[in-house]
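S.K.: Shown below is the structure under consideration.
Please treat every number below as a calculation from the coordinates, not as lab data. Since the structure is predicted, the reported quantities are computational estimates derived from the model, not experimental observations. Backbone-built Cβ (ideal geometry, glycine too); neighbour counts: all protein chains shown.
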């Protein structure tokens, strides 16, 4: 290290440059992320007159109400069920799609083409994507008709649409791409020579996947998991539409609260959910070093 | 039917990636069990492809690869009992040194205690004991190379294949690791096949040097043979250390012939291994750079030095124990004399001096 006697103001200038670099992000994040969160946080401590009027102050009444409600636990269990099921299926599908694209498609142009194909569902809106399931899963839908025609069933399956199954199907349909992209990314960085070296050592295809590919895609899996978990836990729309109102999630419950002007309890639920999500993300980051993925 | 013989025979081996051009074009070669064999040639000459075909990472388009008397084409590397050490090593970055070395035993289903014991023994052999728990990224280039070597050697292969093993190292380390490779080869007593593009590396290590060009073997033989007795102009120029001159045969006189065009008086060249030449043939000859003596014009030539060509000094490079003097002796080709340091500085030349480049008749070697 060379002691720089040239100027004492050099570090402060470097500081200024640093601040300038982050300023665009700060300008976006503060009004659109930090401020709303603070508003929600403040509202969760306010009292309400029950008709939408808020009384500034500090009371834990909303939190006590939320935490004491037996419904809260039920909602969290329902949400976690959806989250875990969606996570498992998106992970399995996402992993194998990425694996296929990276290791089995020799032609790079073809791989990019297939990769873009995965994004096709995103060319249309979420609502249309969900509605599209109705002709397939509905009572008169293709699947029921096919099963009836084959004689496998004698009356239409009701469980296909407007059920928990339909919710999970819609989530998996929407979110698998969020698994594919980061896993594809980390797999694409695996040097093909490592695979060859493993083959040279006598590793089977399964050994290679288990001992080389999975451990080296860990950061991609973790990133995808964060995307999927936070989207599912923060969603109410898919649950509402695909369950036909039969199921609820944490967010759909406080959406109802907002509908009946119970802002402080809605805010308290939101803060609680945020904390739970932060804890889950922190847990994921503790298990997998994602920095490695970002800095590499 | 365990067979520990690591002798290799390549018979008419061809490889084409596009179906049109042969990257490896009809290679025939026999490598003795326990030999250290170096394939050498410029990039794209097919040497790495041959290595990968012997390793089982590439299938030949035609021909047979026989290891220990058994045709191994189509067999997996494990069945061939070969092991490869990859260029830039391909160490598993998420595994420690010990786990990297034990990897092959792990996928062979050896128990954890057994494989870690074997790995530790191997780690000791390559002197990495204190680094056993580190990740590859925490090691220096030389240490990584030793891990790669240990990882390849742990399966007790009968043939170890090394793809430019020293190219990622700096000069000093390269010389050091070169010796280590040779030591390991002798310790393991197995066949090593080593691909390189560095002439010095090949002749320093190999029992058998194989010079390649455009998918064909140009010359295969002991290091000294290839260096001192190159078959043709390509090998002579590629291996270095030789001046190559060409001219037409003017006169054939028994065991020698006279080459015209290079010098006014012609050059006397012994026939040596070359069967016959006839007057008018265009012939290349090689003269070792360290066989050329430089004498100031008018002075007596050393006894036995019959050929002499007047030349001008173009450049001088000090190389330590010798001095490299570049001359304009022949119009189109490089002509260089390696003069021992002490001889040179007894009467140093400077650029532009006129000198006689002279050598004994016996030093000239006709090329094919």
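S.K.: Please report the antiparallel percentage of the DSSP beta bridges confined to the protein assembly as shown, to the nearest 5.
M.R.: 75 percent
S.K.: A further question on this structure: Please state the shape class of chain A: rounded when a/c is under 1.5, otherwise prolate if a/b exceeds b/c and oblate if not, all from the C-alpha gyration tensor.
M.R.: oblate
S.K.: Shifting gears a bit: Averaged over peptide A:273-284, how many Cβ atoms belonging to another chain are found within 10 Å of each residue's Cβ?
M.R.: Taking all residues of A:273-284 together, the mean is 0.
S.K.: Hey, another quick one. First check a/c for region A:23-78, with a ≥ b ≥ c the square roots of the eigenvalues of its C-alpha gyration tensor; if it is under 1.5, answer rounded, and if not, answer prolate when a/b is larger than b/c or oblate otherwise.
M.R.: Here region A:23-78 falls in the oblate category.
S.K.: Okay, next question. Top mean-square fluctuation among B:170, B:300, B:133, Gaussian network model of chain B, C-alpha springs under 10 Å?
M.R.: B:300
S.K.: Now for a separate question. Which shape class, rounded, prolate or oblate, goes with region A:85-131 when its Cα gyration tensor gives a ≥ b ≥ c as root eigenvalues, a/c under 1.5 marks rounded, and past that a/b bigger than b/c marks prolate?
M.R.: Taking the square roots of the gyration eigenvalues as a ≥ b ≥ c, region A:85-131 is oblate.
S.K.: In degrees between 0 and 90, to the nearest 10, how far off the longest principal axis of chain B does helix B:171-188 point, with axes built from Cα atoms?
M.R.: 60 degrees
S.K.: How much FRET efficiency would the formula 1/(1 + (r/R0)^6) give for residue A:67 and residue B:121, where r is the Cβ-Cβ distance and R0 is 60 Å, rounded to 0.05?
M.R.: 0.50
S.K.: If you don't mind, another one. Can you give me the Rg/Rh ratio for region A:80-196, using Cα atoms for both radii and the Kirkwood formula for Rh?
M.R.: 1.08
S.K.: Using only the alpha-carbon atoms, how far is helix B:112-125 inclined from the longest principal axis of chain B? Give it as 0 to 90 degrees, nearest 10.
M.R.: 20 degrees
S.K.: Turning to a different aspect of this structure: Rg(Cα) of the protein assembly as shown divided by 2.2 N^0.38 Å?
M.R.: 1.44
S.K.: Between 0 and 90 degrees, rounded to the nearest ten: what's the tilt of helix B:141-153 against the longest Cα principal axis of chain B?
M.R.: 60 degrees
S.K.: Students often check this: by mean Cβ neighbours within 10 Å, which of A:173-180, B:350-357, A:205-212, B:96-103 ranks highest, and how do the rest follow?
M.R.: Result, highest mean Cβ count within 10 Å first: B:96-103, A:173-180, A:205-212, B:350-357.
S.K.: On to the next question. Please tell me the relative contact order of region A:100-161 in percent, rounded to the nearest whole number, where contacts are Cα pairs under 8 Å and at least six residues apart.
M.R.: Averaging sequence separation for qualifying contacts and normalising by length gives 21 percent for region A:100-161.
S.K.: GNM, chain A, Cα, under 10 Å: largest mean-square fluctuation among A:187, A:150, A:242?
M.R.: A:150
S.K.: Sticking with the crude label model, points 7 Å out along Cα→Cβ, report the distance from residue B:33 to residue A:37 in nm, one decimal please.
M.R.: Here the answer is 7.1 nm between the modelled labels.
S.K.: Still on this structure, I have one more. Compute the separation of the alpha-carbon centres of region B:144-194 and region A:14-58 and state it in Å as a whole number.
M.R.: If you average the Cα positions of each part, the centres end up 62 Å apart.
S.K.: Can you pull the one-decimal nm distance between simple spin-label points at residue B:216 and residue B:172, each 7 Å off the Cα toward Cβ?
M.R.: 4.4 nm
S.K.: Moving to a separate point now. Binning at 5 angstrom from zero up to the longest distance, how are the C-alpha pair distances of region B:12-126 distributed in percent?
M.R.: 2, 10, 16, 19, 17, 14, 11, 8, 3, 1, 0
S.K.: So what's the projected area for region A:128-281, the Cα convex hull averaged over all directions, in nm²?
M.R.: Taking a quarter of the hull surface, the average projection is 13.3 nm².
S.K.: Kindly work out what percent of the DSSP beta bridges joining two residues of region B:123-269 are antiparallel, to the nearest 5.
M.R.: For region B:123-269, the DSSP antiparallel bridge percentage is about 70.
S.K.: Distance from the Cα centre of region A:145-161 to that of region B:282-338, in angstrom?
M.R.: Each part reduced to its Cα centre gives a spacing of 95 Å.
S.K.: OK, next. Per DSSP helix of 4 or more residues, -39500 (n - 2.57); summed, then divided by the residues of chain A. What does that give at 222 nm, rounded to the nearest 500?
M.R.: Computed ellipticity for chain A at 222 nm equals -20500 deg cm²/dmol.
S.K.: Further question on the same structure: Express in whole angstrom the spacing between the alpha-carbon centres of region B:1-57 and region B:202-259.
M.R.: Cα centres, region B:1-57 to region B:202-259: 22 Å.
S.K.: Let me ask something else. 222 nm [θ] for chain B, helices only, -39500 (n - 2.57) per DSSP H run of 4+, per residue, to 500?
M.R.: Theoretical 222 nm ellipticity from helices: -7500 deg cm²/dmol.
S.K.: Using only atoms on other chains, find how many Cβ atoms lie within 10 Å of each Cβ of peptide A:178-184 and report the average.
M.R.: Average neighbour count from other chains, rounded to a whole number: 0.
S.K.: Between residue A:16 and residue A:287, what is the label-to-label distance in nm when each label sits 7 Å out along the Cα-to-Cβ direction?
M.R.: Here the modelled spin labels are 4.7 nm apart.
S.K.: So, one more: Quick check on chain B: of the DSSP beta bridges with both residues there, what percent are antiparallel, nearest 5%?
M.R.: Among the beta bridges of chain B, antiparallel pairing accounts for roughly 75 percent.
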